[in-house]
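Below is one structure, written out as structure tokens, with a few remarks after it.
Each reported figure results from applying straightforward, stated rules to the coordinates on display, with no laboratory input. Since this is a predicted model, take the numbers as computed values, not measurements. Using ideal geometry, Cβ is built from the backbone for each residue, glycine included, and neighbour counts are taken over all protein chains shown.
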Amino acid sequence: MADALASAPASSTIHVSGAGMVAFINGKRLKSAEAIEAGRDLAEIAGAFRISYLDTARAFDALGGDKPEFAMIKEHDHAEIRIGDETVLKGFVDAVQLRIADGQVEAIISGRDVTGDLVDCCANPLGPGEYRQVDLTTIVGRLTKPFGIPVKSDIDPGAPFTLVAVEPSDRVLSAVEKLSRQRGALVVSDGVGGLRLTRAGTTRAPGALRVGDNIIEAETQIDARGHFSDIYVKGAFKSVLRPPKAPLHAGMKPGKSNPAPSSTLSASEIERRAVLRYGHAIDPSLNRYRPAVFLAATQSGGSEPTQMAQDVKLDSTAEGLSAHYGPAPKAYHGQKRHKKRKARPPRQPSSPWTLQDQADWRMRTTRAHGTIRLYTVQGYGVHGVLWRPNTIVYVSDPYAGIDQDMLIGAVTYVADASGYRTRISVVPLDTYDLTGAQDRVQRGMRRSGKIRARAR
């Protein structure tokens, strides 16, 4: 996210009234920084900050006496960003960049909140490598405990995992995210030292975003390279319905045999459902054949309800495979439109969490990350309430064809010579949703060049 902060566009705004943003390094307030930026992005989880200095040749004079302020900042220093009396980020300095040229000294100090250590560092380098019968909140707490990062949960953790396997090289946050996806949870940093398990878009933002009203700058970037027609997630697990012992084994008594499994399925079908698990999501808005496959890096299907659930049926005439698993030329034929496809139905509350849920999540996030909608507003909030990620906001942007509720995916607070402002990135409501509650394209989005407005 630090790169995103560095490359995000500036805007020509004026100073606005309200609480300003200040930075502290090792408890000491910085007084001569040219610009401060701090924010959080649901896609990156760990919050990030950036502090910039730009001095003229007078900075060289300071070398003969006291050091410039930025020269006192080192990597791993404690950092804190405050807006008024509220702390919005606590973390560490990750990088220090210094450039001297043409009579100017430029310094850029950047870092992340404390959960940045979870992004970089491995989970349990000395073990254990397996956890059995633990729920989501418990396993996440165990992985983050060595870093002193507490975990709070707003959700029901769901059924315990039969088995969680953690490779010594797995990064903590990567393992946490994969596990949370299997229980429909969203992992977010609170920015000030904790990790939270929650759902997407459970609260509303303090105001709306409207072009011609409070939006002073709007930017849209669309990149179709992450847009796929079919997304598969594949994984495997040993069958939990196997008999405790083989039909023939040493020590058997004459006339005795192992009891049959409780399932009425054949042994071959039981094995097939365990070792051939997959999820398949369809994006009906894309008429080209663009498949992508992701592997479920965690053990999947490790419970009886999951293994008993049927994998979704593939639409063989539309997804690029014939009944003989060869190319289906009628599926995608050059420029010709094929038969209209249908998206998978949303999950039911009673359904077990399977790889289908992960496939749906991949479909939404890859599609949403290919479209950047960035809005800049003056100030840091409305009536003293800050703009924050993972809140629902109403957006009115006739140029981008948006007139509906969206989800704030990222927020960056900015303080520089142009004043105080906030950059807000929005994504569709279903981008980080695994439950299907906000599924599919929402009303109000542009279709066929027309805008269908929703009354508010």
Simple label model, 7 Å out from Cα along Cβ direction - Arg132 to Glu86, nm: 4.7
Per-residue Cβ neighbour rank within 10 angstrom, fewest leading, Lys234, Lys342, Lys28: Lys342, Lys28, Lys234
Calculated FRET value between Leu286 and Thr220, using beta carbons and R₀ = 25 Å, to 0.05: 0.85
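Hey, got a sec? Which chymotrypsin sites (Phe, Trp or Tyr not before Pro) in region 347-402 land in a DSSP loop and have at most 16 other Cβ atoms within 10 Å? Kindly include the intermediate steps, with their values, before the conclusion.
On the way: sites: Trp353, Trp361, Tyr375, Tyr380, Trp387, Tyr394, Tyr399; in loops: Trp353, Tyr380, Trp387, Tyr399.
For chymotrypsin sites (Phe, Trp or Tyr not before Pro) across region 347-402 that sit outside H, G, I, E and B with at most 16 neighbouring Cβ atoms in 10 Å, the list reads Tyr399.
Going by the alpha-carbon gyration tensor, a ≥ b ≥ c the square roots of its eigenvalues, is region 121-198 rounded (a/c under 1.5) or, if a/c is not under 1.5, prolate (a/b greater than b/c) versus oblate? The partial results should precede the final answer.
On the way: a/c = 1.80, a/b = 1.11, b/c = 1.61.
Cα axes put region 121-198 in the oblate bin.
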Lys31 paired with Phe147, simple spin-label distance in nm, labels 7 Å along Cα-to-beta-carbon: 3.5
Length gained when the stretch Val293-Leu276 is fully extended (0.36 nm per residue, less Cα-Cα span): 4.7 nm
Distance (nanometres) between label positions extended 7 Å along Cα→Cβ at Lys74 and Met308: 6.1
Cross-link pairs beyond the 23 Å C-alpha cut-off, checked among Lys31/Lys152; Lys234/Lys313; Lys234/Lys342: Lys31/Lys152
